[in-house]
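Okay, so here's the structure we're looking at.
The values are calculated or read from the model by the stated rules, or taken from the named source; none is laboratory data. Here the structure is a predicted model, which means the values were calculated and not measured. Don't worry about glycine lacking a Cβ; one is built from the backbone with ideal geometry, like all the others, and counts go over all protein chains shown. With ligands, DNA and RNA removed, areas are computed over all heavy atoms of the protein, side chains included. Shrake-Rupley method; radii C 1.70, N 1.55, O 1.52, S 1.80 Å.
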Amino acid sequence: MNIYSDERLINLGIISGTIDKTLGSARDPEVARQIFESLTLPPTKMLGLKQVHGDKIISICTPKDLTDYKAQKTHEADGWLLSLHQTGALILTADCVPLYVWSADGEYISLTHCGWRGVVQELPKKSALLIKQKTNKPLQAYIGPHIKSCCFEVKEDVSSQFPKECVISRNNKLYVDLDKAITLQLTSVGVEQKEIKLGCRCECTSCNTRDFYSYRRDGGKEAQMSFIYKL
């Protein structure tokens, strides 16, 4: 099992990362259990949601937030803001971007599921602004494994919703660079370029059949897990 993560988070006492498909699809509860067990994380402390390709972020920053979360049966959202210790949260991706944004002291961390629809709705920017409302500490970010511009072919109806510098024309086809689109949003709200790290710089979930599931490539429901856990 390989974990793609940012060592800056480890140094802040935040266990996090994207798990490859070695153990199978994280949509399978048994696979998820194996992942938690291998990481010595308590499954009951890991919170989940129903991803809807929107821009809603669930905040778990106080004991009351956690109580309110548990009182609801379903949670339709595409991201987390976490500061409560001994608590974790997860998302599933299979081409979409797992985006981590956090305050430099590690007090607040956001994990969002950024598909192209979420990026168009400025989910990356909103995740950063949500943290900025909580603290004046500088922000850092990590863009996890996802489909790259080599494979993310789109039609004009999609490409037209992105800044021109994020659209690549190649062999009479259009491709979107999600890395650039997310970076533009984060830097627009004060995240320094040098503080935004790209995971798997030379990898693409669609190209890499060995390590990652890809909806664009396979058309299935299998997915890899990305998670955060505050010690």
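Assuming a ≥ b ≥ c are the square roots of the Cα gyration tensor eigenvalues, decide whether region 62-130 counts as rounded (a/c under 1.5), prolate (otherwise, with a/b larger than b/c) or oblate. Cα axes put region 62-130 in the oblate bin. Taking amide H as placed 1.01 Å from N in the peptide plane, G106 has no amide H partner under 5 Å among residues 5 or more places away or on another chain.
Estimated from helical segments only, the mean residue ellipticity of the chain at 222 nm is -6500 deg cm²/dmol, where each DSSP H run of four or more residues counts as -39500 (n - 2.57). Distance from the Cα centre of region 192-231 to that of region 8-72, in angstrom? Cα centroid of region 192-231 versus Cα centroid of region 8-72: 16 Å apart.
Taking 7 Å steps out from each Cα toward its Cβ at L41 and I168 produces label points 3.1 nm apart.
Note that the chain presents 48 Å² accessible area per residue, ligands and nucleic acids not counted, probe 1.4 Å.
For mean projected area of the Cα convex hull in nm², the choices are (1) 13.0; (2) 12.0; (3) 15.4; which was calculated from the structure? Here the calculated entry is (2).
Among the listed pairs K132/K180; K45/K194; K64/K197; K73/K197; K194/K230, those whose Cα-Cα separation exceeds 26 Å are K45/K194; K64/K197; K73/K197. Expressed to the nearest 5 percent, the antiparallel share of DSSP beta bridges inside the chain is 80 percent.
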